[in-house]
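Right, one structure below, let's go through it.
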Amino acid sequence: MNSIIFTAGARILVALLLVFSLFMLLRGHHLPGGGFIGGLIGAIAFIVYALACGSAEARTALRVSPEGLAMVGLGVALLAGLVSFVFGDPFFTGQWYWVGGDSYETAAFSINSVLVFDIGVYLVVLGGILSIAFAFEEET
Amino acid sequence: MMSWLLVMPIAIPFATAVVAYLMRMSDAGRWISLAGSALSLLASAALMVAVLERGVVAAQMSSWDAPFGITLVVDYLGAVMVVITAITGLATAIYALGEIPARLEKLGYHALFQTLIAGVTGAFMTGDVFNLYVWFEVMLISSFGLLVLGGSREQLDAGIKYVALNLVSTLVFLSGIGLLYGVTGTLNMADLRDAVANAENQGLITVIAMMFMVGFGVKAAVFPLFFWLPASYHTPSFAVSAVFAGLLTKVGVYALMRMFTLVFVGDIGFTHEILIWVSALTMLTGVLGAAAQTDFRKILSFHIISQIGYMTLGLALYTPLALMGGVFYLVHHIIVKANLFLVAGVANKLAGHTDLNRIGGLYKSSPLLAALFVIPAFSLAGFPPLSGFWAKYLIVKAAIELDNWLIAFVALFVGLLTIFSMTKIWGMAFWKPHPDGIDPTPDRVPDKVRIPMMIPIGGLAAMTILIGFYPEPFVQFAEVAAAQLLDPTDYVETVLGARP
């Protein structure tokens, strides 16, 4: 699409969408949001970029192949599930380490396997959607 | 660590898929896939041992107790399906060493293959209806990928039909799940048993049961919902079509067996009566469809349909003997049918085609292949003493015990027509001379390709013979599996935590 307004606008939009997608990802476990919706928003950012500057440019901006991203995401999600093995809990049991407190209400923040799982989902969704979207974009 | 025993048969194929995908540009991918399949087989064997000890094992994912979390639960039927999935997976992973070209490997063949195996295994293990739907989707997506991998015109045509019809099936299934949740407020299968029995609106329950039957029926390729199967199974590579033929339709049959023994048993006179006639028509149309075909794989595809009828018949008759026959049939058929597709692949490599009119001479030039074809082919038709004989015997005996002579007659008649198709393949591919005057000797294919393709064929044929000559332990196993299906008290109690 050769519109200077769209191309210029896309730059701002893409940056905003990417930040927003990370915000949604991190907000995930306790509030509405999460890896799935974050990944979708992230994919929209790259799709907007592909519409404005072409999918070749968008692939360069992504740096890695979307299919590979999805598969790595699957691996990350799987690892997040396997972590609970170390602690002797059933598969996918969330492992939490609270910093500055001992629960969601009191702690400043937490390090946990649930977020790792969400990051995996984020990558799977981002990679999966983009591999389809780029293929469609390049078809025509 | 019971819970990990249940997770491993699913987690290993997923992990293998990830690693194999990252290594797809090198030769290592195929060996990783092979190693992953071997590990899966070990993990499922360990699971089988646990099931033999305890009867039913269950694990609550993420420590959320049933009925709120996702439960993995394996009884005798589930355990044998998981093991047989791993065996088929390993056999086709070996076969792929010879058959799958580097071009397809670079497109991610092994990753898709392992994801498919993970999806099938997950479907056999889950104790949650919505989770079952998710596994169906995992299978659908990866099998679609495998079907169109390579992207020839014929494959895309088959892929579209396959995906469109299977999507309809999953949508019907999903709508059924939605209604079921609305009526009962739970989707845990064990919990559903009581919830469905106590539901006020039994009419609506029967409607939901029919939606499930249609959804699973498309997956299992029963009459009249089987169109997608013969339209698609003859196009992908042979390793892929062997996995499809062996496992995918059986997931539909398994789901039918599970839901219509555990949950939808309120109106057996209605639902299972329909299943009886559906099974009879499935057997007949499948075998008659096969009679009209001359392509190796198309004949075999139609025979999948006719054989599915026997398995659903085992469920439909709903006696201990019939269900036992159904379970036995399920296992026997996966081994035999996957093997026949693998044989078709070697025949194609040697003689140059799958159209029976354009090949021949295999008996004279490749007697070993001919012998390895006869074993599964005659087992399929139900010749004693091969595994298919016992499977058919149990089903027919169950039908006769119920004085359902018509069904028994149909089952025997279809067996006879199966022999007709198998002798047709035998006569045209093996006995008659090659129409182009070629001698399809084994050395037409390099050892590097031929040997990995022959090993799994020999192994699966050996299993067919083993089950045939030594059916006692397998029949006893099927008997316990059937008893568990008819009286799922253990299953329900294990899932809901009444029993440790």
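The values are calculated or read from the model by the stated rules, or taken from the named source; none is laboratory data. Here the structure is a predicted model, which is why all the values come from computation and not from measurement. With ideal geometry, Cβ positions are generated from the backbone for all residues, glycine too; neighbour counts draw on all protein chains shown.
Structure above, values below:
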item: Search result, residues across the stretch A:40-90 that are basic (Lys, Arg) and within 18 Å of A:Val19 (Cα to Cα); result: A:Arg63
item: Boolean, B:Ala17 is in a helix (DSSP H, G or I) and either crowded, with 24+ Cβ neighbours inside 10 Å or within 14 Å of chain A (Cβ to nearest Cβ) (or both); result: yes
item: Residue that is under 19 Å from the mean Cα position of the chain (by Cα) and under 30 Å from B:Gly345 (Cα atoms), where the choices are B:Thr294, B:Thr282; result: B:Thr282
item: Residue within the stretch B:97-110 that is within 14 Å of chain A (Cβ to nearest Cβ), crowded, with 24+ Cβ neighbours inside 10 Å and at pLDDT 85 or above present; result: yes
item: Residues satisfying the stated conditions in the stretch B:421-450, i.e. assigned to a helix (DSSP H, G or I), free of Cβ contacts under 8 Å to residues at least 40 places away in the same chain and either acidic (Asp, Glu) or more than 23 Å from B:Lys298 (Cβ to Cβ) (or both); result: B:Asp443, B:Asp447
item: Residue in the stretch B:245-268 that is free of Cβ contacts under 8 Å to residues at least 24 places away in the same chain and not hydrophobic (A, V, I, L, M, F, W, C) present; result: no
item: Within the stretch B:305-411, helices (runs of 4 or more DSSP H) holding 1 or more residues that are touching a Gly at 6+ places or on another chain (Cβ under 7 Å) and either among the aromatic types (Phe, Trp, Tyr) or modelled with pLDDT under 90 (or both); result: B:320-351, B:367-381, B:387-401
item: Residue match in the stretch A:88-110 (condition: within 11 Å of chain B (Cβ to nearest Cβ) and either under 30 Å from A:Ile5 (Cα atoms) or loosely packed, with under 15 Cβ neighbours inside 10 Å (or both)); result: yes
item: Out of B:Thr121, B:Thr92, sole residue that is buried (at least 23 other Cβ atoms within 10 Å of the Cβ) and within 22 Å of B:Met453 (Cβ to Cβ); result: B:Thr92
item: Test: B:Val73 is within 14 Å of chain A (Cβ to nearest Cβ), over 20 Å from the mean Cα position of the chain (by Cα), among the aliphatic types (A, V, I, L, M) and surrounded by 23 or more Cβ atoms within 10 Å (Cβ to Cβ); result: no
item: Subset of the stretch B:20-53 [in a helix (DSSP H, G or I) and within 11 Å of another protein chain (Cβ to nearest Cβ)]; result: B:Ala20, B:Tyr21, B:Leu22
item: Among (1) touching a Ser or Thr at 6+ places or on another chain (Cβ under 9 Å); (2) away from chain A (no Cβ under 14 Å); (3) free of Cβ contacts under 8 Å to residues at least 24 places away in the same chain; (4) within 23 Å of A:Gly75 (Cβ to Cβ) - the single one B:Ser62 does not satisfy; result: (2)
item: A:Leu13 being at pLDDT 90 or above and more than 22 Å from A:Asn112 (Cβ to Cβ); result: yes
item: Residues of the stretch B:206-254 that turn out to be surrounded by fewer than 21 Cβ atoms within 10 Å (Cβ to Cβ) and farther than 29 Å from B:Ala91 by Cβ, as a count; result: 6
item: Residue within the stretch B:111-124 that is over 19 Å from the mean Cα position of the chain (by Cα), within 14 Å of another protein chain (Cβ to nearest Cβ), in a helix (DSSP H, G or I) and modelled with pLDDT of 90 or more present; result: yes
item: Filter result (under 15 Å from B:Pro442 (Cβ atoms) and crowded, with 22+ Cβ neighbours inside 10 Å) within the stretch B:346-365; result: B:Val346, B:Ala347, B:Leu350, B:Ala351, B:Ile359, B:Gly361, B:Leu362
item: Selection status of B:Thr88, touching a strand residue (DSSP E or B) at 6+ places or on another chain (Cβ under 9 Å) and among the β-branched types (Val, Ile, Thr); result: no
item: Close pairs from the stretch A:52-69: first within 14 Å of chain B (Cβ to nearest Cβ), partner buried (at least 17 other Cβ atoms within 10 Å of the Cβ) and β-branched (Val, Ile, Thr), Cβ under 9 Å, at least 6 apart; result: A:Val64/A:Val72; A:Pro66/A:Ile129; A:Leu69/A:Val124
item: Every residue from the stretch A:111-122 that is within 14 Å of chain B (Cβ to nearest Cβ), farther than 23 Å from B:Met2 by Cα and either among the aromatic types (Phe, Trp, Tyr) or not in a helix (DSSP H, G or I) (or both); result: A:Asn112
